């Protein structure tokens, strides 16, 4: 069995066992799509911070946060934090590389399906959004956000490798998150005066032939890089 | 290759706990039971064998390949059933079988069905919804048919009821009938050790206390009822009662009795449980004739109370 084939089988097993959270995620993303479609007019008029913020959360962290409790990161004794599946799979004759691939497939399916749903809902149901894009720029816009989801969002799946984290490490992590949100709050209005999502719409419209390959490259780089990070962190962690 | 598992000078520090250095070799056709007090490092050692943590020092070789190396094929040779099954909760027995069985070329479906039937395991139930005993039975039903050379079991009998314990003991004995297999298991149950073990590996505070061949160990400890108690210590004396004395060197003790004109009225072997208790309670150890024995006397609490009749000694002999 090739690595990817085995990884797909492992992913299928977990996805079949997590049907409930898959449906929860579907309902959540439908609600999100409805919210974005209906608030896009307000966003386009200039009230953008929370739209940008939630839009980024949808692409970066929600697929991981919305998974069922049994499939999420948890403290598994001592100071070990990881997803339970990772411990289970390492006790079976499965190469670490295949485990990583399976985690990426699971996250990819959890994120891509629903994110695409949202990206399709916007031009389909929002007249304001439709007026801003052409078929080509829409394709570029979708590719930008899907690539961004991989390049930045897949940090969530890489972090499933977990590790041995004490209170200090947790405080440091929360401090970094707080700093990142603060930086976003203060820097985004300066860097993207019309809002970050709007900036990507414009970039997709102005330079589609430049943006599409660049985004694909970014996504591919992220796909490879986060797999490397996960493998590295798995080698470092003590699953005791 | 003469061994399925080789552990060389393995050391690991986890917070305040230090494991090792541990040396251990598991040969085909043997069952080794790791015994020790709670927190002695038994489960940690098993997890290190499975490559679940980095070694600070030493190496572990499974099927000729180093654990933790780039080649992960060694995992094909091991079945591991931990004490706590993490990550299994969301799956039904059927789903777990679907996940595990195809990973092993030698999967024995017939054996799996036999175990499921004899333990009455509902495969459609979610693992997380099963009782601890049922979970353990399912874990074992999914372990034995894998047909690997080495099986590592962490307290496999813990949650099992009495009939299931017997059933599992029989299954393990059957499993071992296939040549070139070996079992490494931890257990607190003397009954398991007595019935299953060929070797006993004792651990204490993360260190090796001794690696014993079970029969040799039990034969090395004897209790003698004697007509008078000598003033001095008999060779390798471990405990002394009113009329009885325990030694870890029976032959030398018998020579001592003869030399000092002491008559042996009766003698008996020592229960394995008692031997293990002696060994686990005593430190440091010193090696005598290839067998490790406690260096100091057993505390008085271990000495049999002369007021309490010993069921092993016939009344006539007690009087005599």
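Quick notes on this one:
- Checked against the criterion of being surrounded by 15 or more Cβ atoms within 10 Å (Cβ to Cβ), under 19 Å from the mean Cα position of the chain (by Cα) and either within 14 Å of another protein chain (Cβ to nearest Cβ) or in contact (Cβ under 8 Å) with a residue 40 or more places away in the chain (or both), the range A:40-49 contains not a single residue that satisfies it.
- Filter result for the condition that a residue is closer than 30 Å to residue B:13 by Cα, more than 11 Å from chain A (Cβ to nearest Cβ) and in a helix (DSSP H, G or I), over B:136, B:113, B:76: B:136
- Set side by side, the residues A:75, A:95 differ, and just one is over 25 Å from residue A:40 (Cα atoms) and without any contact (Cβ under 8 Å) to a residue 40 or more places away in the chain, which is A:75.
- Count - residues of the range B:7-43 that are surrounded by 22 or more Cβ atoms within 10 Å (Cβ to Cβ) and within 13 Å of chain A (Cβ to nearest Cβ): 4
- Restricted to the range B:57-67, and to residues there that are surrounded by 15 or more Cβ atoms within 10 Å (Cβ to Cβ) and not in a strand (DSSP E or B), the residue that is modelled with the lowest pLDDT is B:63.
- Which listed residue is surrounded by 19 or more Cβ atoms within 10 Å (Cβ to Cβ), out of contact with any strand residue (DSSP E or B) (no Cβ under 9 Å at 6 or more places or on another chain) and either assigned by TED's automatic domain parsing to the domain that holds residue B:47 or under 18 Å from residue B:148 (Cα atoms) (or both), from B:117, B:97: B:97
- Yes/no for residue B:171 being closer than 24 Å to residue B:49 by Cα, in the same structural domain as residue B:142 (by TED's automatic domain parsing) and part of a strand (DSSP E or B): no
- Residues of the range B:236-256 that turn out to be at pLDDT 90 or above and surrounded by fewer than 18 Cβ atoms within 10 Å (Cβ to Cβ), as a count: 3
- In the range A:56-83, the residues that are within 14 Å of chain B (Cβ to nearest Cβ) and either buried (at least 19 other Cβ atoms within 10 Å of the Cβ) or assigned to a helix (DSSP H, G or I) (or both): A:67, A:69, A:70, A:71, A:76, A:80, A:81, A:82, A:83
- Subset tally (residues that are away from every other protein chain (no Cβ under 14 Å), touching a helix residue (DSSP H, G or I) at 6+ places or on another chain (Cβ under 6 Å) and either more than 22 Å from residue A:204 (Cβ to Cβ) or not in a helix (DSSP H, G or I) (or both)) for the range A:105-131: 4
- Of residues in the range A:210-240 being within 14 Å of another protein chain (Cβ to nearest Cβ) and in contact with a helix residue (DSSP H, G or I) (Cβ under 7 Å, 6 or more places away or on another chain), the one nearest to residue A:105 (Cα to Cα): A:231
- Residue within the range A:157-172 that is in contact with a helix residue (DSSP H, G or I) (Cβ under 7 Å, 6 or more places away or on another chain), away from every other protein chain (no Cβ under 14 Å) and buried (at least 20 other Cβ atoms within 10 Å of the Cβ) present: yes
- When restricted to residues that are free of Cβ contacts under 8 Å to residues at least 40 places away in the same chain and closer than 25 Å to residue B:106 by Cα, the range B:175-207 contains 3.
The values are calculated or read from the model by the stated rules, or taken from the named source; none is laboratory data. The model shown is predicted, which means the values in this text are computed figures rather than measured ones. Backbone-built Cβ (ideal geometry, glycine too); neighbour counts: all protein chains shown.
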